[in-house]
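Reading through the structure tokens given below for one structure.
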């Protein structure tokens with residue numbers, strides 16, 4: 001059983017890292033032309049060719065404040081080359097008359113992270129740029145929000161330990177249920193085993209706790225960022241279904257084990 005749990009955990013981790021590594025290429029395949037346009041715009045702005053980008057912008061966004069905003073945007077681009085470039089967002093939403101495509105390309109520099117955000121409107125064969133924005137994130141903020149064990153406090157370690165324990169216990173109960181001789185009743189138990197109720201979480205950067213009574217979670221745990229470069233939120237739920245299953249069937253397991261020994 002222990003070997004099975006370790007194998008399952010290793011498989012999940014491998015899938016997680018492989019999917020993360022291939023995420024950029026998947027996004028770029030979704031909207032290859034608009035991703036290329038976005039990167040071309042950035043290169044033109046960095047090279048000082050502002051007019052070539054400005055003439056592609058939709059006239060509707062060129063209001064009285066456009067010049068000041070556009071000049072500030074151009075001035076925020078570093079002159080040196082970025083250390084890495086990757087596409088982080090490629091979304092398309094379509095209505096009856098046109099489609100909107102939202103592209104965000106991330107440019108990594110030594111002391112900051114730059115997010116180049118461009119919105120395109122597709123109407124038939126015509127493409128117009130209806131939004132262009134740059135967001136700069138200082139490196140200290142990125143470092144402060146990283147998931148690091150070295151800077152974790154008591155709350156972070158307590159929730160992390162509870163997450164690992166809840167996930168392993170849920171998987172253990174699930175495997176025992178699938179292997180049991182309960183017939184069709186096992187498939188009634190499975191949904192209750194796989195989902196935990198209520199949840200308590202921790203902000204990994206600050207250690208602040210968050211408790212939610214009306215909540216359910218798959219495998220009684222979750223981890224996510226509310227914003228792309230914000231702090232990690234780690235949550236654990238009570239694996240109530242798994243606890244009930246193990247408690248109600250422990251006697252049956254002991255009886256079956258004793259019967260096997262007597263044989």
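Miscellaneous remarks
- Among the conditions (1) under 30 Å from residue 88 (Cβ atoms); (2) crowded, with 18+ Cβ neighbours inside 10 Å, residue 139 misses just one, which is (2).
- Candidates 76, 84 - the one that is closer than 13 Å to residue 133 by Cα and touching a strand residue (DSSP E or B) at 6+ places or on another chain (Cβ under 7 Å): 76
- Helices (runs of 4 or more DSSP H) wholly inside the stretch 96-196 that include at least 3 residues being within 30 Å of residue 245 (Cα to Cα), in the same structural domain as residue 214 (by TED's automatic domain parsing) and in contact with a helix residue (DSSP H, G or I) (Cβ under 7 Å, 6 or more places away or on another chain): 154-179, 185-194
- Applying the criterion of being without any contact (Cβ under 8 Å) to a residue 60 or more places away in the chain and under 15 Å from residue 53 (Cα atoms) to the residues of the stretch 71-94, the residue that is surrounded by the fewest Cβ atoms within 10 Å (Cβ to Cβ) is 75.
- Condition broken by residue 151, with the remaining ones in (1) free of Cβ contacts under 8 Å to residues at least 24 places away in the same chain; (2) touching a strand residue (DSSP E or B) at 6+ places or on another chain (Cβ under 9 Å); (3) within 30 Å of residue 113 (Cα to Cα) satisfied: (2)
- Test result for residue 111, loosely packed, with under 11 Cβ neighbours inside 10 Å, closer than 30 Å to residue 144 by Cα and at pLDDT below 85: yes
- Flag for residue 60 being at pLDDT below 85, part of a helix (DSSP H, G or I) and surrounded by 14 or more Cβ atoms within 10 Å (Cβ to Cβ): no
- For the stretch 147-187, filtering for residues that are surrounded by 13 or more Cβ atoms within 10 Å (Cβ to Cβ) and either over 23 Å from the mean Cα position of the chain (by Cα) or at pLDDT below 90 (or both) leaves 15.
- Taking the numbered list (1) assigned to a strand (DSSP E or B); (2) surrounded by 13 or more Cβ atoms within 10 Å (Cβ to Cβ); (3) modelled with pLDDT of 90 or more in turn, residue 213 passes all entries but (2).
The values are calculated or read from the model by the stated rules, or taken from the named source; none is laboratory data. Everything numeric in this text was worked out from a predicted model, so none of it was measured. Note that each Cβ is placed from the backbone with ideal geometry, even for glycine, and that neighbours are counted across all protein chains shown.
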